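Asks: Quick one: the structure is below, and I'll ask about it shortly.
The values are calculated or read from the model by the stated rules, or taken from the named source; none is laboratory data. Please read all numbers here as calculations on a predicted model, not as lab measurements. Counting neighbours? That spans all protein chains shown, and the Cβs are built from the backbone with ideal geometry, glycine included.
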Amino acid sequence: MSSRRPRSWQPSSASRITDEQINDLVSKLQAVLPEARIRRSDRVSAAKVLQETCNYIRSLHREVDDLSERLSELLASTESSSAQAAIIRSLLM
Amino acid sequence: MQATKSFERAFLKHLLRGFRLSAVSYKSMSLQERKSAIKLSADVAMASARGSRKWTRGLITKLSKEDDHRSFLRLILGTEYERLTKPCHGSWKIPRSKKIVRRSLRVCSRRKNNLRAPHGVKSSVLARTLVEKRTHALKRLVPGGESLDGYSLLDEALDYVISLRAQVDLMQKLLTTFEASKLSALSKCTLPERKASFVGEAGIHQQKLTEKAQLRPKLTL
C-alpha cells in the first residue's frame, strides 16, 4: 500500500505519518464529497478521491461566483439599509 | 463533517460588515464592481471566521496581492491582517525553481520506468503517477497549497471544503432572505388585502398573496 503513495506525501519534518492516518484523512474527505452516501460502502482509490475533491472545489467556486452575482443584482435595488439590518439580526439569532 | 455554529455567525457578521465597508448597496457601483466586492467580502469573511489555518493565510495572502484589495483587507481585519500575512516559519522551504524540479522529476520517473518495466508500464507506477498528478491539481486549488506536503494538503483541503460549503449555504440563505424581504416590502401596499386573506375571506389577489405569505416564515423578526 505504501508503494502507491508518492514520497512527496511524507512531511519534511522527522515525524512519519502512518498509512493509517493518510487513509483516515482520505476517507474523511470522501465523506464530505457529494454522493458520499452512495459510495461509502466500497473503498474508493485515493486518486479518485483527489479528483472528486478537485472537481467539488471548482464547482463550489462557481457557486460562490454565481451567488455573488445574484446578491449583487438584489442589493442594487434594495432601498433601506435598516430592513437589511433587521434581516441580519434575525439570521444571527 | 460540518462548520460550527460560531463559524456561521462569525462569517455572517464579517460578510455584512464587509458589505457596509465597501458600500455594496450604493447605486453608484456597476454590477460587476458590486459582484467583485461581494465576492471579496465573502472570501475575507470565510478566512476570518475560520481563524488561523494554512489555507486561510494562503487566501488572505493571495487576496492582498491586488493593490485595491489591500486597504479593504486592512480595514476589515485590523490587527489580524498582519498576523495572517506573516510568513509561517513552520513550513519554511528552500525556494526551488519549478522548471528544474519538473525536469528532474521527469528524468527520475523515466529512469525508474526503464529500470522497472522494460515491457510495459506497471499498474503501481501508473497509480502513483496518477496520485501525483491529482495532488498537483489539488495544490493549485487549495489556497496556500503549493508549499504543503501531501498529508497537510489533504488536511487543509478537507477543512477548506467544509468552509467553502458553509460559505455557499450561508450566502444562499442570505439571498433567499433578501428576496423574501423584498417581496414583503412590495406587498406592504396591499396590507389590508393580505389581512383579509389570512382571516379566510376571498380576495382578488388571494393566490399571489398566499405565495408571498409562504415566504414570510423565513423572517423571524
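Asks: When you go through (1) within 13 Å of the chain's Cα centre (by Cα); (2) part of a helix (DSSP H, G or I) one by one for B:F19, which number turns out not to apply?
Replies: B:F19 satisfies every listed condition except (1).
Asks: If you don't mind, another one. Give the residue that is modelled with the lowest pLDDT, with candidates limited to residues of the range B:16-39 that are more than 9 Å from chain A (Cβ to nearest Cβ) and surrounded by 19 or more Cβ atoms within 10 Å (Cβ to Cβ).
Replies: Looking at the filtered set, the residue picked out is B:S22.
Asks: Here's another thing I want to ask about it. For a quick check of your reading of the model, give me the residue pairs whose first member lies in the range B:124-150 and is over 23 Å from B:I162 (Cα atoms) and facing chain A (nearest Cβ under 8 Å), whose second is outside any helix (DSSP H, G or I) and of a type in the set (S, T, N, Q), with beta-carbon atoms closer than 8 Å and at least 6 apart or on different chains.
Replies: B:A127/A:S45
Asks: How about the range B:40-82: which of its residues are surrounded by 19 or more Cβ atoms within 10 Å (Cβ to Cβ), within 16 Å of B:R20 (Cα to Cα) and not aliphatic (A, V, I, L, M)?
Replies: B:S41, B:D43, B:F72, listed by residue number.
Asks: Further, regarding this structure: Of B:S197, B:S152, B:S163, which residue is of a type in the set (S, T, N, Q) and modelled with pLDDT under 90?
Replies: Unique residue meeting the criteria: B:S197.
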